[in-house]
Structure formats: structure tokens, C-alpha cells
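The values are calculated or read from the model by the stated rules, or taken from the named source; none is laboratory data. Predicted model only: the values in this text are computed from it and were never measured. Positions of Cβ are generated from backbone atoms using ideal geometry, with glycine treated the same way; all protein chains shown enter the neighbour counts. With ligands, DNA and RNA removed, areas are computed over all heavy atoms of the protein, side chains included. Shrake-Rupley method; radii C 1.70, N 1.55, O 1.52, S 1.80 Å.
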Amino acid sequence: MSKFYAYYYIGNQQDGNSQDLNYQQPKLLSMTKIQNEDPKEHSVHLHPHLEIFYFESGQGSFFVNNNTYQVRAHDLIVVNAQTLHEQYSSIETPLVYYCLAIDNLKISNLEKNCISTQPYNQHRFENKNNPIYRFIQTILSELKTQKLGYLLQIHGILNQILVEISRMFNSPDITQPQLAIKNRNTAKIVKQYIDANYNQDITLDKLCSLVYVSKAALTSLFKEIYGISAMRYLTKVRLSQAQFLLRDTDMSITEISIRVGFNNPTYFSELFSKHLFLTPSEYRQHEKTKNK
């Protein structure tokens, strides 16, 4: 079962000392501190309100609009209204996080309860020494003590959170040269990761979570920079390493297959033949004959 550390429902409550202020939205509907447990408890869902997640500890994954992103302690995630999403904990280190549900947010040129043009935004803080975490702790304290005017106080702090986040995810449009540099850097990070980890289980989802972009965006920009998709580049690196091992070692084909990241030797052989027009055994024999 998931562990609820705290849950406060605010909804349409009115502070008895603030009715004459005609307080307008946005409004904090609820604030929860929770620890994820069994992933089977959860299902992909959406809400008419905005949700802000701050992960205090643990590791896991965040699924949103058919993409999966890795999350860890001190990640901030903002999910716009009507966006399919779900979060899953690592079994070893379950996620403990705060979730703020916010309604009646209206930012110019954006749909209701949306913080940016992107349905999902993620920011990684290094530690808890950041304004968002401090704001959340202050709201939590106000909800626990419920001193005079606490609803006014928490909504004032909520506005500060929304301003911080809006500035974070709505920076001025960057120029084309700046965009080109950003794309090159993103593609470079993915390429370096593949070069260093080609023998690991690498999926497109994992690469996307590494740089916080969608599958379509990563495929497009990687191909634009390197002339090949990221997953095809991964195959190219693996086969190149396999050629080296076939040529310079006495390892079996099965061992080589596993060493370069293919768990299925049959698939490895088929892929090798497709790209090099020789089976792994034929390639090895050809190289031995050539070097005599």
C-alpha cells in the first residue's frame, strides 16, 4: 500500500477573515505527501487541474503522453491539465514526493491550468536548497498549524511557486543559432552515452529520459546532427565492436553477442549478416584468411 504522510483538502474553503477581499484564483485544491509502493496500485490518468510534483527522495519513472522519463530526489515535475500521466517507484528506493493540485490558473496565451505550451515540464535541482522546496515546506507548516489567515498565506505562497515555475519553463524564445547549439549538445549527450554504454540495455525511452525530449524530437535532432537515428547509431556501434572481437579474440559468437549488448545470439547473427553481408562466422574466417 502507498503511504500517505499527509493529505490536506482545501477546495472551496474560505478564510473567515478574507471573504471581503474577493480573493481570486489560482486555488490550491489539495496538497499531498505520499510514498509510492506497488505500481499495480496506479494507472495512467488525467485531471482537469494542474499538478506540481516535488520528489523528496527515491527513484522511479514518470510516464506522460506515451513517453517515460526517469525521476529522482529533488526533481520538480509540472503536468498540465488533461495530460495522461503516472509515476512509478523503483522497488529498492520508492519515491516520496509532494503533489500540489491547482485549479483556476490562467496564464495569457495558454489553456486553463497550463503552465507552459509543453504538457510536461521537468527541472532537476541538486539538493533541497531551492525555493520550490522551501515554499512547499512553508505551505505544509501553515496547513498543520492553521493559524489565523492561513489560507491567505498558502495562496500567497502558491502564487510565488507559480511565478517561479512559470519563469523556469517560459524563458524568452531562443534564436535559431542558440537552438542549433542546444540541439547539438543534446545529440552529443546521447551519442556519448551510447558510446560508453552500448553493451547495456538501451531503449529509446531511456535515451529520451536522459535529455528530457520526446521520441520524435530526439529521433529528428540526432539524425539532423549525425545523419542517422540514435537507435541505428547504437546498432552501428554494437556491430563495430562485434567486428573487433571477431577479428581479434577467440570469444564465441554467443559471448560476443552478449558482450556487445545483444541478449539473443540468433538476432545478433541475423543483424550482423544484414549489415555486413556475411555471418559472424564467415566474417571471422574472412579476416583470418586476409591476414595470413
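Worth pointing out:
- Flag if TYR97 is of a type in the set (Ser, Thr, Tyr) and surrounded by 21 or more Cβ atoms within 10 Å (Cβ to Cβ): yes
- The condition (being at positive phi and either at pLDDT below 90 or small (Gly, Ala, Ser) (or both)) is satisfied by just one residue among ASN121, ASN109: ASN109.
- Checking GLN70, GLN14 one by one, the residue that is at pLDDT below 90, in a strand (DSSP E or B), open to solvent by 70 Å² or more (accessible area, probe 1.4 Å) and not hydrophobic (A, V, I, L, M, F, W, C) is GLN70 and no other.
- Flag if TYR226 is surrounded by fewer than 18 Cβ atoms within 10 Å (Cβ to Cβ) and among the aromatic types (Phe, Trp, Tyr): yes
- Inside region 137-156, residues that are β-branched (Val, Ile, Thr) and crowded, with 17+ Cβ neighbours inside 10 Å make up a count of 2.
- Identity of the residue in region 123-136, under 18 Å from LYS33 (Cα atoms) and in contact with a strand residue (DSSP E or B) (Cβ under 7 Å, 6 or more places away or on another chain), that ends up most open to solvent (accessible area, probe 1.4 Å): TYR133
- Answer from SER116, SER166 - the residue that is over 24 Å from TYR7 (Cβ atoms), of a type in the set (Ser, Thr, Tyr) and touching a strand residue (DSSP E or B) at 6+ places or on another chain (Cβ under 9 Å): SER116
- Every pair of residues 6+ apart whose Cβ atoms lie under 8 Å, when the first sits in region 209-226 and is without any contact (Cβ under 8 Å) to a residue 60 or more places away in the chain and more than 17 Å from PHE63 (Cα to Cα) while the second is open to solvent by 70 Å² or more (accessible area, probe 1.4 Å) and not acidic (Asp, Glu): ILE225/ARG184; ILE225/LYS188
- GLN82 being free of Cβ contacts under 8 Å to residues at least 40 places away in the same chain and either over 20 Å from LYS3 (Cβ atoms) or among the β-branched types (Val, Ile, Thr) (or both): yes
- Selection within region 227-250 - among the hydrophobic types (A, V, I, L, M, F, W, C) and either in contact with a helix residue (DSSP H, G or I) (Cβ under 8 Å, 6 or more places away or on another chain) or in contact (Cβ under 8 Å) with a residue 60 or more places away in the chain (or both): ILE228, ALA230, MET231, LEU234, VAL237, LEU239, ALA242, LEU245, LEU246
- Boolean, ILE256 is open to solvent by 50 Å² or more (accessible area, probe 1.4 Å) and either in contact with a helix residue (DSSP H, G or I) (Cβ under 8 Å, 6 or more places away or on another chain) or closer than 25 Å to PHE63 by Cβ (or both): no
- From the list PHE244, PHE268, the one residue that fits, being among the aromatic types (Phe, Trp, Tyr), out of contact with any Lys or Arg (no Cβ under 7 Å at 6 or more places or on another chain), part of a helix (DSSP H, G or I) and open to solvent by less than 70 Å² (accessible area, probe 1.4 Å), is PHE268.
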